[in-house]
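Asks: My questions all concern the structure below.
What follows draws every value from the coordinates through simple rules; no lab data is involved. Computed from a prediction, not measured in an experiment: that's the story for all the values here. Counting neighbours? That spans all protein chains shown, and the Cβs are built from the backbone with ideal geometry, glycine included.
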Number of protein chains: 2
Amino acid sequence: MKKLLLTLAITSLSFINQVSAQEFSEQQIKQTAEIRNNALNSSLAYDILTSLTTEIGPRLPGSENDPLAVKWAQDKFNELGFDKVWLEPATFPAWRRYSESGMILAPSKQPLHLTALGGSISTPKQGISADIIYFETLDELIASPKNSAEGKIVFINYKMNRHIDGNGYGPAVKARSTGAVEAAKKGALAFMMRSVSTAHHRFAHTGGSHYQDGIKKIPTVAIANPDADQISRLVSLKKPVKVNINVQAENLGEGKTFNVIGQFNGTQNPDQYVLIGGHLDSWDLGTGALDDGAGVALTMAAAKYIADVKRPKRSIRVVLFAAEELGLWGAKAYAKKHKNDKHNIVAAAESDFGAGFIYGFQSSVDAKSLPVVRAIAKQLSPLNIKHIRANKSSNGPDLIPLRKLGGLAGFSLHTDGNDYFDYHHTADDTLDKVDPVKLQQNSAAYAVFAFMAADAKTTIKGK
Amino acid sequence: MKKLLLTLAITSLSFINQVSAQEFSEQQIKQTAEIRNNALNSSLAYDILTSLTTEIGPRLPGSENDPLAVKWAQDKFNELGFDKVWLEPATFPAWRRYSESGMILAPSKQPLHLTALGGSISTPKQGISADIIYFETLDELIASPKNSAEGKIVFINYKMNRHIDGNGYGPAVKARSTGAVEAAKKGALAFMMRSVSTAHHRFAHTGGSHYQDGIKKIPTVAIANPDADQISRLVSLKKPVKVNINVQAENLGEGKTFNVIGQFNGTQNPDQYVLIGGHLDSWDLGTGALDDGAGVALTMAAAKYIADVKRPKRSIRVVLFAAEELGLWGAKAYAKKHKNDKHNIVAAAESDFGAGFIYGFQSSVDAKSLPVVRAIAKQLSPLNIKHIRANKSSNGPDLIPLRKLGGLAGFSLHTDGNDYFDYHHTADDTLDKVDPVKLQQNSAAYAVFAFMAADAKTTIKGK
């Protein structure tokens, strides 16, 4: 019985090897190994990340640093020897944060660490001082009586779950997106929420928020988790909890910026390309190291590792999307512009979930492309990356508009995101939070994937 | 040979047991065990800490919260049933922080996370904008040519070492104490330093600083460690690094506050007492949970655990010192007031190094008192606390003025301080940083120590 299983195993293994052998020559596999090893021994990704986060730092679309970041990216692509470097314009609703502060006024005076959510209107100059009304969840706010928050500041204390794939984020973000609208419906003066964050540190988490036509706009902020715990304890004392929140910010109408794109041209089918990338913009609080300097740096480096060994048949295109944080504006512009040549994208993957260890590789492709996918997965296994066989992949956020067009061959390189939301969208998202060794593993994975997808015999197709 | 060693070991063990037996009756040892177990199973210390850090929060001497904290402590002592609760006045140089902010202006605009050091003068309203001049250490600043910092902001990037006993703090604090003076001597407009902190997070660390008569006073700030790393990288690019620092603060002259003292009276020698305690004040940025709410809470609870089992022969006095952070002002007042009855202190220990696991017990006593010390150490060993036999102990900071009077029987319960300086003097020193289980162990240790020292046959004496 054991022998039989072994025989079967060997048979199936050699069958897989045959498929790989059909798809990739021995030389291509050797080149893949060389690219992978070079990436694992290179500091290039970390050097690029250091340059971006140090020389530019925060890069909110519409800020002074935004055009500096665009120029930085062009220069870096050129310095790395990309064959083509170009810009594609994108517009977005510009918003600027000027200042923000908070205080607990009663039962005793205490600083309150808060940050305005993106798009928030300003408070009056002296801020808004009012008692808070406490809810554990957005649903409880929605279910509360009309006028329940009249003259008060709504506070929602929903606690985000920690998970390797960040699945606690979605449920927590609901309050960030629509909390200000729901609070205004109940007569609130302002909306305040626990940060969409797993951090134990005193950083408030910013992020996109929305108003609704016909509903009064009120200032909307998040407070740091230790401050949310503090308010929760104060509320349990059954005395009024009065706070002051002060936000000075401005919605500035339509802004203009650019997707920055670099390409190494393919040798046989240069029009066809593998798209990898991240988003160039960041929130204004940190230096956008994890979100998404890492994705920018590791995909730029991955393309360079490939080009240094061999130009593949198809092109490698690195797209640095603009204005992701404000609502995927660069990604939408890219999808719109490339609607009619979307078939040229043979495979796409975005890195926008930090630079934790990549543990899984997953596709969303036509069944005929699965042998190539398996061959790629095999070359990712030396990086301790498992092939997740469910052929259904969500990709990064900037690929959503392309995916909506239909037929995208999307890939996910799943990053361990257990600690991603300790830093994401906070002032604490700085270079020191990125592990250089994990960044090497990430960059090696993108390089292996992009090289093989671009150099495969079979052209990968989406489903 | 093995047998001989074993016999020796048994002999010496039974000798120690005999000594213990002479010093403490079987009943006293049972009472000690009961106190220890009660402490390990009680939430009292954590409840007290929660109350102080939540209801009062930050409590800088001279702030609105300072008298609230004094009243809180009186009320809490009374609520816990202490026999005597009283105040002893102390004065201190009052200082208030109103606002502070920082920016890197060039090569690109980036927020700079800074905090004013205690006592700092204000900048002009618009702040001070200037290029920085970079030093790795205070010594290099001192060794630099006269006028080397003319028109500039001095920056010292000294990195504190992490160590279980916090021995990296002293060398790092030198720059905090005298940096502004040394920078002013070289013509600087302001002094800026890397935080005296081991944190990887974006919090600046405040703390006492000094000016010197005849030397120009300049604003003095610390920046968060990730910001210090950022500036260090920017400096290495060999372009001018220009920053703006803005501090609005005020020195307010002499302030008045109080040491708050609670005592359970001894049954035989009530004038004699064991002194335990911490300091009631905190810096204004965090809620003073580790520094020193923990010390306040765990010593108050320890006294209560003792009184609930048995009133010892001598009194247990819990002293909550005032204005420690601004220069041991409560401790100095206590030493001055009790100069002539200092012989009544039979043993003293302060908790002011957070609430990490207590790993060591150390004395500084007359040789004749060592058998009692060993008997106490034996009852601390179930808490995994080792007896550090070198009979030379440094005690907590608030015992320094008493020690200077001579003859103090001082004790140290050594806390694991590996992560203490990740939070100390920052906004991040909040309740969630205290581990309730470790706090129980701490409180049990102080209770065992204080009970046995107060109930011993022999009166412990200093040396």
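Asks: Quick one: 3J(HN,Hα) in Hz for region A:253-270, Karplus 6.51/-1.76/1.60 with θ = phi - 60°, rounded, Gly and Pro as x.
Replies: So the Karplus estimates, Gly and Pro as x, are x, 6, x, 10, 8, 9, 6, 10, 10, x, 9, 9, 6, x, 8, 10, 10, x Hz.
Asks: Follow-up. My understanding is that a pair violates if its Cα-Cα distance is over 25 Å; which of A:Lys76/A:Lys438; A:Lys159/A:Lys242; A:Lys84/B:Lys239; B:Lys125/B:Lys159 do that in this structure?
Replies: A:Lys84/B:Lys239; B:Lys125/B:Lys159
Asks: Which of the aspartates and glutamates could a cross-linker span from B:Lys392 if the Cα-Cα distance has to be under 17 Å and same-chain partners fewer than 8 positions apart are dropped?
Replies: Cα-Cα hits under 17 Å: B:Asp165, B:Glu350, B:Asp366.
Asks: Checking the a/c ratio against 1.5 first, then a/b against b/c, what shape does the Cα gyration tensor give for chain A?
Replies: prolate
Asks: Then there's this: Mind checking which lysines have their C-alpha under 16 Å from A:Lys332, skipping anything on the same chain fewer than 8 residues away?
Replies: A:Lys256, A:Lys342, A:Lys404
Asks: A further question follows. For A:Met452, B:Met103, A:Met160, what's the fewest-to-most ordering of other Cβ within 10 Å of each Cβ?
Replies: Neighbour counts put them in this order, fewest first: B:Met103, A:Met160, A:Met452.
Asks: Kindly give the distances from B:Asp47 to its copy-mates, label point to label point, with each label point 7 Å from Cα along Cα→Cβ, as nm values to one decimal ordered shortest first.
Replies: In nanometres, ordered from closest: 6.1.
Asks: Distances from B:Asn167 to the same position in the other copies: list them in nm, one decimal, shortest first, using label points 7 Å from Cα along Cα→Cβ.
Replies: B:Asn167 label point versus its equivalents elsewhere: 4.9 nm.
Asks: While we're looking at this one, here's another question. Spin-label point model (7 Å from Cα, Cβ direction): what's the B:Lys463 to B:Leu252 distance in nm?
Replies: 4.5
Asks: Report the relative contact order of region A:88-151, percent, no decimals, based on alpha-carbon pairs under 8 angstrom and at least 6 residues apart.
Replies: Over region A:88-151, the number comes to 19 percent.
Asks: What does the net charge come to around A:Ile164 if you take all other residues with beta carbon closer than 13 Å to its beta carbon, with K and R at +1 and D and E at -1?
Replies: The answer is -1.
Asks: Which residues' amide hydrogens lie under 5 Å from the amide hydrogen of B:Gly255, considering only partners 5 or more residues apart or on another chain, with H built in the peptide plane?
Replies: B:Phe92, B:Ala94
Asks: Once you put a point 7 Å from the Cα of A:Ile215 and another 7 Å from the Cα of A:Glu150, both along the Cβ direction, what distance in nm separates them?
Replies: The modelled label-to-label distance comes out at 2.0 nm.
Asks: From the helices alone, meaning DSSP H stretches of at least four residues, give me the mean residue ellipticity at 222 nm for chain B, per-run term -39500 (n - 2.57), in deg cm²/dmol to the nearest 500.
Replies: On the way: 12 runs with 157 residues, N = 463.
It lands at -11000 deg cm²/dmol.
Asks: What residue of chain A sits with its beta carbon nearest the rotation axis taking A to B, and at what distance in whole Å?
Replies: Of all Cβ atoms in A, the one closest to the rotation axis yields A:His201, 3.
Asks: Between B:Thr458 and the same site in the other copies, what are the distances in nm, shortest first, taking label points 7 Å from Cα along the C-beta direction?
Replies: In nanometres, ordered from closest: 8.6.
Asks: HN-Hα J couplings of region B:404-412 from phi, Karplus 6.51/-1.76/1.60, θ = phi - 60°, integer Hz, Gly and Pro as x?
Replies: 4, 6, x, x, 6, 8, x, 10, 10
Asks: Express the relative contact order of chain A as a whole percentage, based on alpha carbon pairs under 8 Å and six or more residues apart in sequence.
Replies: About 23 percent, as a whole number.
Asks: For B:Gly208, what residues show an amide H to amide H distance below 5 Å, using hydrogens built from the backbone and excluding near sequence neighbours?
Replies: B:Gly118
Asks: Under the rule of at least 5 residues apart or a separate chain, name every residue whose amide H is placed under 5 Å from the amide H of B:His279.
Replies: Hits under the 5 Å cutoff: B:Val296, B:Phe321.
Asks: Using Cα pairs under 8 angstrom and six or more residues apart, how large is the relative contact order of region B:187-278, in percent?
Replies: Relative contact order, region B:187-278: 25 percent.
Asks: A follow-up question, please. I need the shape label for the protein assembly as shown. Rule: rounded when a/c is under 1.5, else prolate if a/b > b/c, else oblate, with a, b, c from the alpha carbon gyration tensor.
Replies: Taking the square roots of the gyration eigenvalues as a ≥ b ≥ c, the protein assembly as shown is prolate.
Asks: Oh, and also: Quick one: A:Tyr359, A:Tyr46, fewest Cβ neighbours within 10 Å first, how do they rank?
Replies: Least to most surrounded, the residues fall as A:Tyr359, A:Tyr46.
Asks: For region B:26-41, take each phi angle, set θ = phi - 60°, evaluate the Karplus expression 6.51 cos²θ - 1.76 cosθ + 1.60, and give the result in whole Hz per residue in order, putting x for glycine and proline.
Replies: After applying 6.51 cos²θ - 1.76 cosθ + 1.60, I find 4, 5, 4, 5, 5, 5, 4, 5, 5, 4, 4, 5, 4, 4, 6, 10 Hz.
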